[in-house]
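The structure under discussion appears below in the form of structure tokens.
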Amino acid sequence: MADRLAAPFNADANDYIYQWESSRDYNPGPGMEKIEAALLAINAADDERNPPETGIMERDVKRVKNGKLYLIPASADTRGHGTTGFAKFFAKQLGELMQSAPQKAM
């Protein structure tokens, strides 16, 4: 984390302020029971924005009928919140979901 914080910041700070502000009051909680599709929620053990220690994701995924949580273990290769952008960390679990999810005719 210290290395990431010490790295130069060359982006427009206003873009980051907009991104953070746009999700500030996002709350998926009230609609969790309405989700019918198979759901694989993915988080990283070293996620600094959605720390698993809060228990929020674990609690809310239990409210989804076909919901599962996969917590990517922290390692020297993970990058906190950005880890979920790399499928190599959850490709196996996603493949299992795709194989086991019920198929619905269109």
Whole-Hz couplings from phi, Karplus 6.51/-1.76/1.60, listed for the stretch 41-46; x for Gly and Pro
8, 10, 9, 10, 4, 9
Would you check the chain for Lys pairs whose C-alpha atoms are within less than 23 Å, ignoring same-chain pairs closer than 8 in sequence, and give me the count?
12
May I ask you to derive the FRET efficiency for Thr54 and Trp20 from their Cβ-Cβ distance with R0 = 22 Å, giving the value to the nearest 0.05?
0.80
Where the convex hull is taken over the Cα atoms of the stretch 1-87, what is its projected area averaged over directions, in nm²?
7.0
Suppose every K and R has +1 on its Cβ and every D and E has -1 on its Cβ; what is the size of the dipole of the chain about the Cα centre, in Debye to the nearest 20?
540
Rounded to the nearest 10, the angle in degrees between the Cα long axis of helix 13-22 and the longest principal axis of the Cα atoms of the chain comes to 30
Among rounded, prolate and oblate, which fits the stretch 44-106 when a ≥ b ≥ c are the square roots of the eigenvalues of its C-alpha gyration tensor, a/c under 1.5 means rounded, and a/b larger than b/c means prolate?
oblate
Hand me the chymotrypsin sites (Phe, Trp or Tyr not before Pro) from the stretch 42-95 located in a DSSP loop with no more than 14 other Cβ atoms within 10 Å, in residue order please.
Phe86
Ascending count of other beta-carbon atoms within 10 Å, so fewest first, for Asp25, Asp60
Asp25, Asp60
For the Cα atoms of the chain, what angle does the longest principal axis make with the long axis of helix 91-100, in degrees from 0 to 90, nearest 10?
20
Separation of alpha-carbon centers, the stretch 1-26 and the stretch 48-86, rounded to whole Å:
20
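Coordinate-derived values only; no laboratory data. These numbers were taken from a predicted model, which means no experiment stands behind them. We place every Cβ from the backbone using ideal geometry, glycine too, and count neighbours over all the protein chains shown.
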